[in-house]
Amino acid sequence: MNRTTLSLIAGTAALAAVTGFATLNEPDASGADSARAAAELPVERTSLLCPAPSTSDLAETSYTSFTPVTKGTGDDGRAELAPATEESAEPASGKPTGKADAKTDGKASGKTDGKKKAPAKPVLTPKAPGAPAVGATTGGDTAALLGTAEGRFAPGWTVQETTEVPAGSGRGLQGLACSAPDTDFWFPGASTAADRTDYVHLTNPDDSAAVVDIELYGKDGALTTTVGEDLTVPAHSSEPILLSTLTGEKQADLTVHVNVRSGRLGAAVQALDAKLGGDWLTAATDPAPTQVVPGIPKDATNVRLVAYAPGDADADLKVQLASPSGLITPAGHETLHVKAGRTISVDLGDVTRGEAGSLVLTPTDRSVPVVAAVRVLRGKGDDQESAFIPATAPVGARASAAGNSAKGATLSLTAPRGNAQVKVTASAGSGGGTAVSKTYTVRSGTTQDVELPVPAGLKGTYALTVESLTATPVYASRTLTSTQEGVPGFTVQTLPDDRGTVSVPQADEDVAVLQK
């Protein structure tokens, strides 16, 4: 046997031993192999970003972390939620960091001293999946948080940020589910009106700077922005950018598009109203011809729908309300015409009329992608509060919402296109209790506010996990309520698929490729 053959055998053996070398099987013509080629395995790492909650000295913020128990994760892993500590880094654009300084209204400097800061103390550190972990901060100096979960803590990890502000602009209950970093975000429902103070919060979790463009679209199309392009967000930092510094135009309803040109970011809009309270406006689901806005509170006194068509074609939409009895068309608002590149808004009034409801937008003719969201008001006169619900993706396999108490939480489910069945699990409490599950059937075209299961012996807060038991798409949202001095504070979070699993192609060892 010559030296070349020996070397090949040795190399092949080493490669197989060290890497478990594998290749994909080629599917046969029938497609049978492709049907069994991918396995659904738990994700091994998840990142979440929470924006700075408030600048009010009176603010009280709670954080609740939860990971549902997932089969196949093993026993290892960890999760941590810690303040963003800005580090020196060369921006991707090659321009100096801190470019967003003039636009943050003094809320963040964006500068670095060229030294890496010491790690900040975590706000919370979960101990095990299946039970929430909680943390809290007070005042207006709380930083944005960067979260990472690995191993058994990663699949389906969610963090709820909820802030109570008793007075001032944006007073009431503000909440959001902390989001994963991404590169493209749509926010229909923002505003530069006189009574509104809206910030878009950009949070960078990575070791290098991110470069981003912020585009604003109003009733007449794109707004001219003086400083909305080529913004740099330094590594491990967060920039709250005041929308009114990007344009001099005052418009009641805007669509904000955040386009990350380099790197990735977390993004959310904090909408503060001088008279109507405030809340977080999270990103709407991707542009699509059909959009669903689930879980409008049954006691809503006014619902304002905002939509935008990002393409070159106008969109004509059929507007329906999925009520407890079925799909109905709001009188006087049967259709909505959305001109290409323009934001349209319409007041639907008290469209739910004391019953649970969800908006379903479908094309009347040709399919044109749109994005949509609603602003909801509760209360009357000086005692009104506002919240936002973006159009969202279906629950899919599973979704969770943390931060629920024994009272003041409502889960809303809607199935626009067929009967559906879901399993809802109330986790153990953050301070103790036993998890409990219940199954619900949602009839086609209806919305149902379900009677929530409450953990036995509940202490603290708990999480809700919704799992689809049928193939029919189900959409969900969770509403938290808290009344302070007669003002009906509330916040609504949607429950899209948690993407806790990933498809992994089936592979077999095949060292024959080394002989080719």
Using a basic spin-label model with each label point 7 Å from the Cα along Cα→Cβ, how many nm lie between Ala120 and Val502?
2.7 nm
Scale the Cα Rg of region 313-397 by the rule-of-thumb value 2.2 N^0.38 Å and send over the ratio, two decimals.
1.19
Over all directions, what mean area does the Cα convex hull of region 158-306 project, stated in square nanometres?
9.8 nm²
Pseudo-spin-label distance Ser405 to Ala39, built 7 Å along Cα→Cβ, given in nm, is 4.5 nm
Residue separation times 0.36 nm, minus the C-alpha to C-alpha distance between Ala128 and Ser437: what's the value?
109.3 nm
Calculate, in whole percent, how much of the Cα-Cα pair population of region 396-516 lies beyond 18 Å.
59 percent
Rounded to whole Å, √(5λ) for the Cα gyration tensor eigenvalues of region 237-394, largest first, gives 25, 22, 14
Which trypsin sites (Lys or Arg not before Pro) from region 369-456 combine a DSSP loop assignment with at most 10 other Cβ atoms within 10 Å?
Lys380, Lys407
Can you run phi through the Karplus equation (6.51, -1.76, 1.60; θ = phi - 60°) for region 157-162 and list ³J(HN,Hα) in whole Hz, with x for Gly and Pro?
4, 9, 10, 9, 10, 10
Potential lengthening between Asp184 and Asp75 on full extension [0.36 nm per residue; Cα-Cα distance subtracted]
35.8 nm
Computed from the beta carbon distance with a Förster radius of 56 Å, FRET efficiency for Ser208 and Thr470 to the nearest 0.05 stands at 0.80
Any idea what Rg and Dmax come out to for region 335-449 if you just take the C-alpha atoms, in Å?
17.5, 53
Give me the accessible area per residue for region 389-446, probe 1.4 Å, as a whole number in Å².
35 Å²
Using 0.36 nm per residue of separation minus the Cα-Cα distance, give me the extension gain between Glu150 and Arg353 in nm, one decimal.
68.6 nm
Carbon and sulfur atoms account, in whole percent of the 1.4 Å probe accessible area of region 370-480, for 48 percent
Please give the FRET efficiency for Lys339 paired with Thr364, using the beta carbon to beta carbon distance and R0 = 22 Å, rounded to the nearest 0.05.
0.90
Would you mind computing, in nm to one decimal, how far apart the modelled labels at Asp382 and Arg261 are, each placed 7 Å from Cα along Cα→Cβ?
4.8 nm
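The values are calculated or read from the model by the stated rules, or taken from the named source; none is laboratory data. Predicted model, so just to flag it, every value in this text is computed and none were measured. A quick note on method: Cβ atoms are made from the backbone with ideal geometry, for glycine too, and the neighbour counts reach across all protein chains shown. Heavy atoms of the whole protein, side chains included, go into the accessibility calculation; ligands, DNA and RNA do not. Shrake-Rupley method; radii C 1.70, N 1.55, O 1.52, S 1.80 Å.
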